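Comments concern the structure below.
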Amino acid sequence: MQLADLFTPQAREATPPMYGPPTADQGVPLISLAYGLADPALFPREELVDAAARLLAADANAALNYGPNTPELLTLVAERLRREGVTAHEDQVLLAYGSSQVLGLLPQVLIEPGDTVIIEAPTFLGAVMRFRMAGARLVGVPVDAEGLDVEALEATLRELRRAGVRPKFIYSIPTFQNPTGTTLPLSRRQRLVALAADYGTLLVEDDAYVDLRFRGTALPPMAALDDGNWVLRVGTFSKILAPGLRMGWAHGPKPLIERLQMFKVEGSSGPFLTRLVAAFAEGGRLDAHIAALRTHYAAKCDALAAALRRELPGADFVVPQGGFFIWLRLPEGVRASALAPVALRHGVEFLAGTRCFADGSGDAYIRLAFSEEPVARIEEAARRLGAAVRELQAS
């Protein structure tokens with residue numbers, strides 16, 4: 001008898017997540033472009049210390065004891081949503097330990113084994129793993145140069161309806177999509193919202209990167225195009241403040257928010273953390289910080305793009321308008337699975353495209369994160385990647 005015999009089938013079949021500190025290979029110091037980590041150089045240390053001191057001086061007992069979320073943070077989220085055109089109400093906001101907790105709560109409220117969930121192909125597999133573990137049947141819809149292919153989505157919905165299947169929800173990352181960096185144009189957003197309403201399925205709008213726009217014009221979120229019945233907007237402070245604070249949120253139909261809150265069994269996300277984020281944002285400080293992030297990450301994105309053009313002339317990619325990633329199609333005949341060990345010998349790491357498709361396809365693609373490393377190391381990583389590709393091509 002073994003301890004593993006006690007595991008559920010889901011636990012026995014689970015695969016390890018892709019995160020953690022990079023490790024060196026054969027003594028070569030590794031530069032990792034695999035993970036979408038924030039740049040620690042931009043963490044607002046002094047401002048957070050000041051905000052913490054102010055809130056503890058004002059009422060340490062309430063901030064440090066058990067208690068509810070501070071109403072100020074609910075108001076902050078609602079106000080930011082209203083600035084985007086969403087008819088937002090504080091009683092329709094759920095605060096959570098990062099947007100990942102919201103995505104983990106969704107299956108508990110909506111999915112039973114065998115239920116259908118529509119996802120983008122490729123997409124953020126961290127979310128998809130949660131849906132799969134709940135027993136969902138995942139149906140992928142292609143992403144092209146403008147994001148989710150809504151014509152293919154409509155065909156998929158029509159086919160499912162003929163088979164008597166009503167999907168529980170459509171999971172979409174419309175702005176600076178992870179991993180492709182694409183942004184869904186307004187016409188597709190409108191069509192996607194209309195399809196969700198026509199087919200009576202929830203639309204989960206994951207907008208983790210929406211504030212990090214480097215260029216182009218901001219588009220209304222799908223939640224602003226909805227009548228309040230079919231879109232759950234999910235967001236986070238991780239990309240615009242500090243991931244370690246673990247503060248995310250969701251806004252959507254009140255009955256769904258209430259059910260999600262019921263399954264958030266630990267209760268609030270804490271009086272200290274919620275007060276700290278709200279206190280930091282006072283006086284426009286959060287908006288000023290976001291402006292600095294945009295400038296900083298734009299420079300990193302441009303540096304990686306220029307280095308890739310120089311080092312990998314046979315590769316194909318589109319420079320995103322924001323976010324953390326460049327999605328690169330490898331030169332003809334090069335596969336991510338074969339390239340990965342060669343790249344490690346050269347001291348560079350990436351996320352294979354196969355990790356972004358629920359069916360394991362995508363071996364012709366890799367995702368490169370420019371968010372954490374300094375520009376000089378980003379450029380060196382591209383040089384190493386180019387050398388690895390040339391070695392593989394010559395073998």
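The values are calculated or read from the model by the stated rules, or taken from the named source; none is laboratory data. Please read these numbers as outputs of a predicted model, since none were measured by experiment. Every residue, glycine among them, receives a Cβ derived from its backbone with ideal geometry; neighbour counts consider all protein chains shown.
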Which one of these is within 26 Å of Leu105 (Cβ to Cβ), modelled with pLDDT of 95 or more, in a loop (DSSP other than H, G, I, E, B) and in contact with a helix residue (DSSP H, G or I) (Cβ under 8 Å, 6 or more places away or on another chain): Arg166, Arg233?
Arg166
For the stretch 64-74, check the following and say yes or no: at least one residue is at pLDDT 95 or above, outside any loop (DSSP other than H, G, I, E, B) and closer than 25 Å to His296 by Cα.
no
Among the residues in the stretch 170-177, are any out of contact with any strand residue (DSSP E or B) (no Cβ under 9 Å at 6 or more places or on another chain), among the small types (Gly, Ala, Ser) and in the same structural domain as Met222 (by TED's automatic domain parsing)?
no
May I ask you to list the residues in the stretch 75-92 that are basic (Lys, Arg) and in a loop (DSSP other than H, G, I, E, B)?
none
If I ask for residues that are of a type in the set (Phe, Trp, Tyr), touching a helix residue (DSSP H, G or I) at 6+ places or on another chain (Cβ under 6 Å) and crowded, with 20+ Cβ neighbours inside 10 Å, which ones from the stretch 266-321 would you list?
Phe280
When restricted to Glu266, Glu258, the only residue among the acidic types (Asp, Glu), more than 17 Å from the chain's Cα centre (by Cα) and closer than 25 Å to Tyr171 by Cα is Glu258
In the stretch 196-215, the residues that are more than 17 Å from Gly85 (Cα to Cα) and either buried (at least 23 other Cβ atoms within 10 Å of the Cβ) or in contact with a strand residue (DSSP E or B) (Cβ under 8 Å, 6 or more places away or on another chain) (or both)
Ala196, Thr201, Leu202, Leu203, Val204, Ala208, Tyr209, Leu212, Arg213, Phe214, Arg215
Which ones in the stretch 95-110 are under 17 Å from Trp230 (Cβ atoms) and either of a type in the set (Lys, Arg) or in contact with a strand residue (DSSP E or B) (Cβ under 9 Å, 6 or more places away or on another chain) (or both)?
Val102, Leu106, Leu110
Can you name the condition, by its number, that Ala96 falls short on among (1) surrounded by 22 or more Cβ atoms within 10 Å (Cβ to Cβ); (2) without any contact (Cβ under 8 Å) to a residue 40 or more places away in the chain; (3) under 30 Å from Gln321 (Cα atoms); (4) aliphatic (A, V, I, L, M)?
(2)
Look through the stretch 236-254, keep the residues that are part of a loop (DSSP other than H, G, I, E, B) and of a type in the set (Lys, Arg), and return whichever of them is surrounded by the fewest Cβ atoms within 10 Å (Cβ to Cβ).
Arg246
Subset of the stretch 211-230 [under 21 Å from Leu105 (Cβ atoms), free of Cβ contacts under 8 Å to residues at least 60 places away in the same chain and assigned to a loop (DSSP other than H, G, I, E, B)]:
Asp226, Asn229, Trp230
Checked Arg335, Arg367 against criteria (more than 22 Å from Gly126 (Cβ to Cβ) and either at pLDDT 95 or above or not basic (Lys, Arg) (or both)); the one match is Arg335
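Residues are listed down the side, and each one gets a yes or a no for (1) buried (at least 16 other Cβ atoms within 10 Å of the Cβ); (2) over 22 Å from the mean Cα position of the chain (by Cα); (3) in the same structural domain as Ala223 (by TED's automatic domain parsing); (4) within 30 Å of Leu385 (Cα to Cα):
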| residue | (1), (2), (3), (4) |
| --- | --- |
| Ser32 | yes, no, no, yes |
| Ala38 | yes, no, no, yes |
| Asp50 | no, yes, yes, no |
| Gly67 | yes, yes, yes, no |
| Thr75 | no, yes, yes, no |
| Ala78 | yes, no, yes, no |
| Leu81 | yes, no, yes, no |
| Glu84 | yes, no, yes, no |
| Glu90 | no, yes, yes, no |
Quick one: would you say Thr182 is closer than 29 Å to Phe214 by Cα and among the hydroxyl-bearing types (Ser, Thr, Tyr)?
yes
For the stretch 255-287, give me the residue count where each residue is over 30 Å from Ala57 (Cβ atoms), part of a helix (DSSP H, G or I) and either of a type in the set (Asp, Glu) or out of contact with any strand residue (DSSP E or B) (no Cβ under 8 Å at 6 or more places or on another chain) (or both).
5
